Amino acid sequence: MGTRVGGKYKVTKKLGSGSFGEIYLGLHVTTAEEAAIKLEGIRTEHQQLLYEAKVIRYLRGGVGIPELLWCGTEADFNVMIIELLGPSLEDLFNYCHRKFSLKTVLMIGEQMLSRLEYIHSKGFIHRDVKPDNFLMGANQKSHQVYIIDFGLSKRFIDPRTSMHIPYRNGKSLTGTARYASINTHLGIEQGRRDDLEGLAYVLLYFLRGQLPWQGMQAFNQKDKYHKICVKKQNISVRELCKGVPEEIGTFLCYCRNLKFDESPNYSYCRKLLRAVFEKNEFTLDYIYDWTKKQSGSTNPLPKNQEALPEDSSRQPQPSGGDKTEGEKREKLEKDVKEPPRAPRQDVEPPLVKDMKDVKVMSKKLPTTPLPSQLSSKVDKDGQCQQQ
Ligand SMILES: Nc1ncnc2c1ncn2[C@@H]1O[C@H](COP(=O)(O)OP(=O)(O)OP(=O)(O)O)[C@@H](O)[C@H]1O
Ligand SMILES: [Mg+2]
């Protein structure tokens, strides 16, 4: 392939690579505007990049959704050019020695929740909630959390009938085992609740430094996923949430207690996070752990890190409804099965260049009482209890 794609972007250095494609830094030939270029070989067995581009186009305009600049096929590659973003939360977690402060977790957690709420409001579920799929914005947007990687996302509302997709079981795991909901492990069709349960695990991962089901010894991948599932089922919420604010445990229980097609009460979830924020008298200034670390150091922000292969399972399933509700009524086609697991490669230096660009806003959160009638609490045995 030539070094120019979409007519206007020169492909330069490699920024990262995932299981489904490689990401390069693009430079607009006339404006020198930077962009991220995701490539997928046209001989890839289960192609999904053009599907992903259609989803991003459909979600356009939402806060924290990267802008789609171009997509198409050139030479031997499917190409998607999107807005260049900053480092992922996994990169930043490594940069901060694999521990985030409570304030940082709450500030990013609320934004992650809002990204999922937005995607859900457009009739899609993400199905691969993990720290690598949330990136900070670049430059002026470096305080803002973005969500990426819609290759596994799926419509949960049929646009023709406006009905929720039907309950199914016997499905193989789609997403990433470490953050997958228990129901996803059990082969149940995913819904909005599973994205949120995944978010709860991500928040716990950030607060605890690791999850108890990481690094489990097993004979093979199937055995490994089984062991992860058993551990998730058997560990009490109290033990899992030991040392973290009880509201996080309440959030996890709430997600686990949602019915398959139930619409989550996002504002309740947000209030749980905000209650902790207020209790600790934090200020919503978007000064994260890495902001402080960066301003006091000459260390560049992190490179993307290798994902732990044993816990990163990306096994896409065929998507459901296939018509968008957009003006063009585009057909969203996706029929992907298990993708080849390309090993990740190391990537080029930091994606966010200037942390001084972080916008500082000094704002106190309003006091928001929790609706007690909705609480899914942790019972005396440390397990979830439905109220
Ligand atoms: N717009 C972007 N700007 C900067 N970096 C990006 C951008 N999009 C992706 N990346 C980097 O490339 C990595 C892989 O991207 P993405 O998740 O889209 O690919 P993937 O093949 O679907 O990944 P995986 O299967 O490993 O989750 C990201 O984790 C991030 O580090
Ligand atoms: Mg990804």
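The values are calculated or read from the model by the stated rules, or taken from the named source; none is laboratory data. For clarity, every value in this text was computed on a predicted model and none was experimentally measured. Glycine also receives a Cβ, built like all others from the backbone with ideal geometry; neighbour counts cover every protein chain displayed.
State which residue is nearest to ligand 1 (Cβ to nearest atom) when the search covers only the range 45-58 and only residues that are in contact with a Pro (Cβ under 9 Å, 6 or more places away or on another chain) and part of a loop (DSSP other than H, G, I, E, B). Give the steps one after another, and end with the answer.
Quick first cut of the range 45-58, residues in contact with a Pro (Cβ under 9 Å, 6 or more places away or on another chain) only: 45-46, 48, 56.
Those left that are additionally part of a loop (DSSP other than H, G, I, E, B): 45-46, 48.
Values: Glu45: 14, His46: 12, Gln48: 8 Å.
Once the filter is applied, the top-ranked residue is Gln48.
Taking the range 9-44 as the range and being touching a residue at least 24 places away in the same chain (Cβ under 8 Å) and not in a strand (DSSP E or B) as the test, the residues that pass are Gly18, Ser19, Phe20, Gly21, Val29, Ile42, Arg43, Thr44.
The residue list Glu34, Glu45, Glu67, Glu22 contains one member that is within 16 Å of ligand 2 (Cβ to nearest atom) and under 20 Å from Asp149 (Cβ atoms), which is Glu22. For the range 126-174, enumerate the residues that are within 16 Å of ligand 1 (Cβ to nearest atom), aliphatic (A, V, I, L, M) and either surrounded by 24 or more Cβ atoms within 10 Å (Cβ to Cβ) or part of a strand (DSSP E or B) (or both). Listed by number, the residues that qualify are Val129, Leu135, Met136, Val145, Ile147, Ile148, Leu152.
In the range 107-161, which residue that is among the polar types (S, T, N, Q) and within 16 Å of ligand 2 (Cβ to nearest atom) is nearest to Asp261 (Cα to Cα)?
Here is the first cut: in the range 107-161, the ones among the polar types (S, T, N, Q) are 111, 114, 121, 133, 139-140, 142, 144, 153, 161.
Of the ones still in play, those that are also within 16 Å of ligand 2 (Cβ to nearest atom) are 133, 153.
Numbers: Asn133: 24, Ser153: 16 Å.
Ranking the candidates gives Ser153 first.
The residues in the range 228-259 that are of a type in the set (A, V, I, L, M) and assigned to a loop (DSSP other than H, G, I, E, B) can be counted, and the count is 3. Taking every residue in the range 144-163 that is at pLDDT 95 or above and pairing it with any residue that is away from ligand 1 (no atom under 16 Å from the Cβ) and of a type in the set (Gly, Ala, Ser), at least 6 positions away or on another chain, the pairs with Cβ-Cβ distances below 6 Å are Lys154/Gly320; Arg155/Gly123; Arg155/Gly320; Arg155/Gly321; Phe156/Gly191; Ile157/Gly123. Output yes when any residue across the range 178-188 is surrounded by 14 or more Cβ atoms within 10 Å (Cβ to Cβ) and touching a Ser or Thr at 6+ places or on another chain (Cβ under 6 Å), and no when none is. The answer is no, given that none of the residues of the range 178-188 is surrounded by 14 or more Cβ atoms within 10 Å (Cβ to Cβ) and touching a Ser or Thr at 6+ places or on another chain (Cβ under 6 Å).
Quick check on the range 185-198. Is at least one of its residues within 16 Å of ligand 2 (Cβ to nearest atom) and either of a type in the set (S, T, N, Q) or not assigned by TED's automatic domain parsing to the domain that holds Ala35 (or both)? Talk me through it step by step, then tell me what you get.
From the range 185-198, those within 16 Å of ligand 2 (Cβ to nearest atom) are 195, 198; that's our starting set.
Checking the rest, the ones that are also either of a type in the set (S, T, N, Q) or not assigned by TED's automatic domain parsing to the domain that holds Ala35 (or both) come to 195, 198.
Scanning the range 185-198, I find at least one residue that is within 16 Å of ligand 2 (Cβ to nearest atom) and either of a type in the set (S, T, N, Q) or not assigned by TED's automatic domain parsing to the domain that holds Ala35 (or both), so the answer is yes.
Considering the range 164-184, and only residues there that are among the hydroxyl-bearing types (Ser, Thr, Tyr), within 14 Å of ligand 2 (Cβ to nearest atom) and touching a residue at least 60 places away in the same chain (Cβ under 8 Å), the residue that is farthest from Gln214 (Cα to Cα) turns out to be Thr174. Figure legend. Inter-residue proximity from the range 254-267: first residues in contact (Cβ under 8 Å) with a residue 12 or more places away in the chain and in the same structural domain as Ile157 (by TED's automatic domain parsing), second residues aromatic (Phe, Trp, Tyr) and assigned to a loop (DSSP other than H, G, I, E, B), beta-carbon distance below 9 Å, spacing 6+ or different chains. Indicated pairs: Phe260/Tyr167; Asp261/Phe156; Asp261/Tyr167. For the range 76-99, taking the residues that are assigned to a loop (DSSP other than H, G, I, E, B) and at pLDDT 95 or above, the one that is nearest to Leu39 (Cα to Cα) is identified as Leu84.
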